[in-house]
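Scroll down for the structure; my scribbles are underneath it.
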Amino acid sequence: MRKFAEVVVSLPMDRVFNYSIPERLFNEIAVGKRVFVPFQNRTIVGYVVGLSDESGVKDTKEILSVIDAEPIIANDILKLTRWIAQNYFCSWGEAISAAIPGGIKKGKVSIGERVKDIHDGNGAFDKTEPHILMAEQTKALKSITDSIEKKEHKTFLLHGITASGKTEIYLQSIELVLKKGAQAIVLVPEISLTPQTVERFLSRFGDHVAVLHSRLTPAKRFLEWKKIRDGKANIAVGARSAVFSPMKNLGIIILDEEHETSYKQEDVPRYHARDVAEERAKINNCPLILGSATPSLESFYKAKNGEYKLIKLTKRIDERLLPKVKIVDMRMELATRKRITIFSKVFLDALEKAVKAGKQAIIFLNRRGFSTFMNCKKCGFVFKCKRCDTSLVYHFENKKLICHYCNYTTQPPDICPKCRSGYIRYFGLGTEKVESEISRNFSHVRIARMDSDTTVKRGSHDKILGDFKAGATTLLVGTQMIAKGLDFPQVTMVGVVSADVTLNIPDFRSSERTFNLLTQVGGRAGRGEDGGEVIIQTYAPHHYAILAAAKHDYEKFYDEEIVFRKELELPPFINLVKVTVRARNEDITSKTAAELAQAIKSVDVDAKIAGPAPAPMVRMRGYFRYNIMLKGRDRLAMCALLKKVLGSFRKPHGVLIAVDVDPISM
Ligand code: ADP
Ligand code: ZN
Ligand code: ZN
């Protein structure tokens, strides 16, 4: 019998603790189980990651009790979480906590307990049969099935334009995996934003599917998790954390819309599900399929270098043409009409044409609210958030000024708080204003708006989309919520009110985001027999991201963007690690950041260190933020270095330091 257990805890302490096992627990203890342990005068939950005959330390405390009847963390997940701890700057225990369902984290539900199953009606969908594949699809499936047969790890990048049949390939790959008695994980950006994709899996595989929805209650989530673990469901469909699904014999991982930023977790552990999926596929010896119409620069670069196998789907099913895209130069519009207009004539004409023909249209603007600026005409005062370095957005519906970062809400004043004049003007536009302007122009048709303001209520999301699908609404105005995965054959026109919103974000990925978003939104047009047209309004009509999106030319965009990334030494050529120092006082923030940068620079490491510099939005939620950037090729080495430096760095009281590996925002 082993006398000692190696235990990790869900605290930011990157080490393994030794505990002795009392005799009464000899039969119960096992690697992968949770235990209660005494820890700094408290009792907390720990995860057993190893057993040994000897302990490196002299006085070990005893384990108090064993929580689980069976291990809840299998060996592959143990390995995977350790990899996450090393690569994403967190402790092993923190990584394990992220890998098990929330409902059992606090040690309340024991896994040996019987939990009453709830029937969730997965079977409510009409069953679909596999399609006979097109030539390109056949070829694509063949390479994937080879890997499945050989049980080898390989990462495929399935680059296919919208509606080229990618999902059908996922479905048929999974079919083979199931036949082999193995299981599948399907990752989607966000369940609520990809209902139609999820439906496709349910209607093909029915009760084999467990859907890991972020809105599930912890108890329900735990049930789904258990269903997978007990082999009652062999396909898990879910957002990023589904990458940890407890499969016994994982046969494939599919990650759809691989370029999506929601695959990156923003809190500790700040992992990227794409990289975690790759590591898991390596550990489990199975293929990983990354699918996208607009792959991330990172993935396409790897595909070009042969690290990933590139599979292309260049044709839409039924040979349907991609929609024609028109770019409208809003500078000309301004010059000829002598005033700022929201919609150009081309835009309104196209909208009118769709409405007259009895079709539908989607109007896209990636900013919610009514007016994005409120300022005083007399003294120039701009209403800003008290806690963030940003202007407040006016929301017409509830007549409030709201901060889009911290949700600070206030009444719009009638007079300027600075000069007391009454000349207050509203500038800039959001979806609310677009909706109201559209309804002025098209008072005879029904219009709906979909953004995070209109989808707060449970079910409102499905209701808006359902009405649109049924044709009860003619025009749909929305933010990026309507850009993804939706398939409405009656939509013949898509209008982008301003492509500049994403283009002007101060982030090196702004061109990539703009290209992705425009391509995705454009893909919503012309999915039916009547074809489609896309109108993009912009003040930067010659920007390569917009031009390439208008031509549906991913590779042209990639070729331009990659040159710029190389010149500036940005991903995919290096890995970035962002160290953020935060405090309520700006002087303390900048001073601490400077000292920390000095400490990092004094250690020998193969990385370039930039900064400290104020974050693009220096103040957020009352905290000032300064960033130090590490640029290097070895993520592991950079993390190890930071663990060492931060371990002995003395920071003033009230200062917070966060490390984000491969950050997706600056
Ligand atoms: P993507 O995932 O690339 O957007 P889908 O797999 O959703 O493409 O395919 C688009 C549409 O074409 C779907 O309605 C799908 O059912 C259908 N489809 C896919 N493959 C075939 C095929 N080989 N034959 C006929 N229809 C197909
Ligand atoms: Zn004023
Ligand atoms: Zn704010």
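The values are calculated or read from the model by the stated rules, or taken from the named source; none is laboratory data. Worth saying up front: this structure is predicted, and the values here are computed from it rather than measured. Note that we place each Cβ from the backbone using ideal geometry, even for glycine, and neighbour counts take in every protein chain shown. The area values use the complete protein model at the heavy-atom level, side chains included, leaving out ligands, DNA and RNA. Shrake-Rupley method; radii C 1.70, N 1.55, O 1.52, S 1.80 Å.
For Cys388, the residues whose modelled amide H falls within less than 5 Å of its own, excluding neighbours fewer than 5 places apart on the same chain, are Arg621, Gly622.
Highest mean first, what order results for 548-557, 316-325 on Cβ atoms within 10 Å? Walk me through the numbers before you get to the answer.
Working: 548-557: 19.2, 316-325: 15.0.
So the peptides 548-557, 316-325, ranked by packing, come out 548-557, 316-325.
What is the extension gain from Ala613 to Lys179, computed as 0.36 nm multiplied by their sequence separation minus the C-alpha to C-alpha distance, in nm to one decimal?
Working: separation 434, 0.36 × 434 = 156.24 nm, distance 5.46 nm.
Value of the extension gain: 150.8 nm.
Based on DSSP, what percent of beta bridges with both residues in the stretch 128-318 are antiparallel, to the nearest 5? Don't skip to the answer; put the middle values down first.
On the way: 1 of 28 bridges.
Once the DSSP bridges in the stretch 128-318 are tallied, antiparallel ones form about 5 percent.
In debye, nearest 20: dipole of the stretch 595-666 around its Cα centre with unit charges on the Cβ of K, R (+) and D, E (-)? Don't jump to the answer; show the numbers that get you there.
Values: 12 positive and 6 negative charges, 39 e Å.
That gives a dipole near 180 debye.
Distance from the alpha carbon centroid of the stretch 224-239 to that of the stretch 28-103 works out to 23 angstrom.
Taking label points 7 Å from Cα along the Cα-to-Cβ direction, Asp59 and Lys399 give a separation of 6.8 nm. Surface composition of the chain: carbon plus sulfur atoms contribute 51% of the solvent-accessible area (1.4 Å probe, protein chains only, all chains present).
Judged by the mean number of other Cβ atoms found within 10 Å, the most tightly packed of the peptides 228-235, 90-97, 18-25 leads the ranking 90-97, 228-235, 18-25. Projecting the Cα positions of Val7, Val37, Ala95 onto the charge dipole of the stretch 4-104 (unit charges on Cβ atoms of Lys, Arg, Asp and Glu, taken about the Cα centre) puts Ala95 furthest along the positive direction.
What 222 nm value per residue comes from the helices of the chain, counting each DSSP H run with n ≥ 4 as -39,500 (n - 2.57) and dividing by all residues, nearest 500 deg cm²/dmol?
So the helix-based figure for the chain works out to -9000 deg cm²/dmol.
Site pair Ala135 and Ala594 shows an inter-label distance of 6.6 nm when each label is modelled 7 Å from Cα along Cα→Cβ.
About the Cα centre of the chain, what is the dipole size in debye to 20, counting +1 per Lys and Arg Cβ and -1 per Asp and Glu Cβ, all else neutral? Write down the numbers at each step before the final one.
Numbers: 103 positive and 77 negative charges, 356 e Å.
Magnitude of the dipole: close to 1720 debye.
Cα centroids of the stretch 342-378 and the stretch 451-492: 16 Å apart. Taking each residue as 0.36 nm, the span from Glu149 to Asn504 lengthens on full extension beyond its C-alpha to C-alpha distance by 123.1 nm.
Between the Cα long axis of helix 554-567 and the first principal axis of the chain there is an angle of about 60°, rounded to the nearest 10.
Calculated accessible area for the chain comes out at 45 Å² per residue, all protein chains present (probe 1.4 Å; ligands, DNA, RNA ignored). For the stretch 490-499, backbone phi angles converted through the Karplus equation (6.51, -1.76, 1.60; θ = phi - 60°) give residue-by-residue couplings of 7, 7, 10, 10, 10, x, 9, 5, 8, 6 Hz, Gly and Pro being listed as x. Shape of the stretch 128-318 from the C-alpha gyration tensor: rounded (a/c under 1.5, with a ≥ b ≥ c the square roots of its eigenvalues). I need the shape label for the chain. Rule: rounded when a/c is under 1.5, else prolate if a/b > b/c, else oblate, with a, b, c from the alpha carbon gyration tensor. The shape class here is oblate.
Taking 0.36 nm per residue of separation and subtracting the Cα-Cα distance, what length does fully extending Lys644 through Glu307 add? Mind showing how you got there, number by number?
Details: separation 337, 0.36 × 337 = 121.32 nm, distance 3.15 nm.
Computed gain between Lys644 and Glu307 is 118.2 nm.
Counting only alpha carbon atoms, the long axis of helix 345-356 and the longest principal axis of the chain meet at about 80°.
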